[in-house]
1. Can you run down the residue pairs with Cβ atoms below 6 Å, 6 or more apart or on separate chains, where the first is in the range A:54-80 and touching a residue at least 40 places away in the same chain (Cβ under 8 Å) and the partner is acidic (Asp, Glu) and within 14 Å of the ligand (Cβ to nearest atom)?
2. Identify the residue in the range A:379-403 that is of a type in the set (A, V, I, L, M, F, W, C) and in a loop (DSSP other than H, G, I, E, B) and, among all such residues, is farthest from the other protein chains (Cβ to nearest Cβ).
3. Please list, ordered by residue number, the helices (runs of 4 or more DSSP H) wholly in the range A:262-378 having 2 or more residues that are within 14 Å of chain B (Cβ to nearest Cβ) and in contact with a Phe, Trp or Tyr (Cβ under 9 Å, 6 or more places away or on another chain).
4. Has the range A:238-261 got any residue that is surrounded by fewer than 24 Cβ atoms within 10 Å (Cβ to Cβ), within 14 Å of the ligand (Cβ to nearest atom) and within 30 Å of residue A:362 (Cβ to Cβ)?
5. List pairs: first in the range B:1-14 and of a type in the set (Lys, Arg), second part of a helix (DSSP H, G or I) and open to solvent by 60 Å² or more (accessible area, probe 1.4 Å), Cβ under 7 Å, 6+ apart or cross-chain?
6. For residue B:45, all conditions in the list (1) over 29 Å from residue A:334 (Cα atoms); (2) within 13 Å of another protein chain (Cβ to nearest Cβ) hold save one; what is the number of the exception?
7. Filter the range A:195-219 for residues that are touching a residue at least 40 places away in the same chain (Cβ under 8 Å), closer than 23 Å to residue A:108 by Cα and assigned to a loop (DSSP other than H, G, I, E, B); which is farthest from the chain's Cα centre (by Cα)?
8. Could you check the range A:195-220 and list, in sequence order, the residues that are within 11 Å of the ligand (Cβ to nearest atom) and open to solvent by 10 Å² or more (accessible area, probe 1.4 Å)?
Amino acid sequence: MKPIYLDYSATTPVDPRVLSKMLPYFGELFGNAASKNHSFGWAAEQAVDEAREAVAALIGAQAKEIVFTSGATESDNLALLGVAEMYAEKGKHIITCVTEHKAILDPAHYLATKGFEVTFLPVDKTGSLDLQALEAAITPQTILISLMAANNEIGTIHPLKEIGAMAKKHDVLFHTDATQATGKIPLDVEAMGIDLMSLSAHKMYGPKGVGALYVRRRKPRVRLAPILHGGGHERGMRSGTLNVPGIVGFGEACRIAQLEMAEEAERLISLRDRLQKGLESQLDFVFLNGHPQNRLPGNLNLSFAYVEGESLMMGMENIAVSSGSACTSASLEPSYVLRALGVSEDLAHCSIRFSLGRFTTEEEIDLAIQKTVETVRRLREMSPLYDMAKEGIDISSIKWTSH
Amino acid sequence: MYSDKVIDHYNNPKNVGNLDKEDLSVGTGIVGAPECGDVMKLQLKVEGGKIVDAKFKTFGCGSAIASSSLATEWVKGKTLDEAMSITNADIAEELSLPPVKIHCSVLAEDAIKAAVADYKKRQQPN
Ligand SMILES: Cc1ncc(COP(=O)(O)O)c(C=O)c1O
């Protein structure tokens, strides 16, 4: 059986149209976009400019507001550290959320060691924010609110427009990590009041190792202290010779996403619902993690109670998915995102994230349903907890010998 | 990532099932915790001082399933003392478990010990 890829939230294949657009820039068009005095440089610069236009167009921004980076991790770091340093005199308080990606949480914790105060807002059981709690957390010292557009594990979408309006009202900058959302759902920095936005090419059918930070230039003009110092590329915010082939690919990926997003979202929702219905109709004790409606089109995160996630993935050989189970991480702790939702640890160990994408077919979904159902049934036959559940024993009432 | 032996036990686990826990010749050990991601139930049936049957049920990763499957295979035909001398290191070595999976073999050793202790307890008249 050909392997089936249902892990598009981890990374996506490069779209063949993107690849063919990139290839010349590894060959005859190898110039440095910063070489201003010959045609090799001009060709590279022109290609970068076109890509910058395409990236900006996808999010309703101006080309000049796009800073190319090595990916969303760098963009997130640049947004948090760059704003913190530049605006420290105004205040030293930052607001973010417990379900953010580590590329936000870790720089936030780092800033906390450097004299900043960081508020980590909680979420409810669907992964959604309480906007009143957000507003209550804002103080005169607050310089930045950083909240992701959509969560990478559970797909829950935050109300960006409402957050943006609140940030404006209190004169606070708003950064959003839109890594999982760009090209999947409509985003508009103007309509949503976004001041900074992190993007990554490899989650949207572009190449790995390239991304961008949108940095607003008007109302307000956002200033950033760079984290990479050097030749002054990207208006001084990100020095380093531009990754021209990567940027060209990123631009093409954005152009395609803008054209195809609406239709693709519809197709993915229907495949995702087919997967969910197929699993839930054949298996009992299946629980959805995240928000039932307000989530990314391709995301389906389910807990199959009484079956441990890693053993389930082992049985679903040839079907590539992710799990929030501790066994899949070095830390032996189950997913902090699921824990933040209040998913009990035993169910967090049983979670599987299916993430569908552009090349997912109905046939693949049907095979995935079949293989998942088969494996869950087989493992439940082996599970002492499933026996107890069927006998009506509440497993949380038992005193376990933890180790 | 997984050794061939782990994969083989995972795909063809030996001795999955339940023994009658009311039967006085059966000892049951349940170790682990759902919130830690693994629970092992191991049962032994003892006749004439020897383990004549063993069954397991495990909630856990592939290595946990393999460790308990192997444990049931190994205890069969052994005396209680012999079974008690099986260590986690023996199990980990046989299955070539990587360091992050050693706790699975520890759990299997604990399950054997818990089942033997339960059996012994049940032999004492109350
Ligand atoms: C929400 C989110 N932010 C940031 C990142 C990091 O992106 P990159 O791999 O481009 O550094 C990811 C990808 O794992 C992500 O899902």
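The values are calculated or read from the model by the stated rules, or taken from the named source; none is laboratory data. Quick caveat, the model's predicted, so the values are computed rather than measured. Heads up, the Cβs are rebuilt from the backbone with ideal geometry, glycines too, and the neighbour counts pull from every protein chain shown. Ligands, DNA and RNA are excluded from the accessible area calculation, which covers all protein heavy atoms including side chains. Shrake-Rupley method; radii C 1.70, N 1.55, O 1.52, S 1.80 Å.
1. Taking only residues 6 or more apart or on different chains, the pairs are A:76/A:177.
2. The initial filter retains those residues of the range A:379-403 that are of a type in the set (A, V, I, L, M, F, W, C), namely A:379, A:382, A:385, A:388-389, A:393, A:395, A:398, A:400.
Still in the running and in a loop (DSSP other than H, G, I, E, B): A:382, A:393, A:398, A:400.
Values: A:382: 5, A:393: 12, A:398: 9, A:400: 3 Å.
Checked the range A:379-403; the qualifying residue farthest from the other protein chains (Cβ to nearest Cβ) is A:393.
3. Helices (runs of 4 or more DSSP H) meeting the threshold: A:309-315, A:345-348.
4. Looking for residues that are surrounded by fewer than 24 Cβ atoms within 10 Å (Cβ to Cβ), within 14 Å of the ligand (Cβ to nearest atom) and within 30 Å of residue A:362 (Cβ to Cβ), one finds none in the range A:238-261, hence no.
5. From the range B:1-14, the pairs are B:5/B:94; B:14/B:73.
6. Condition (2) is where residue B:45 drops out.
7. Among those residues, the one meeting the criterion is A:216.
8. Result: A:202, A:203, A:207, A:208, A:209.
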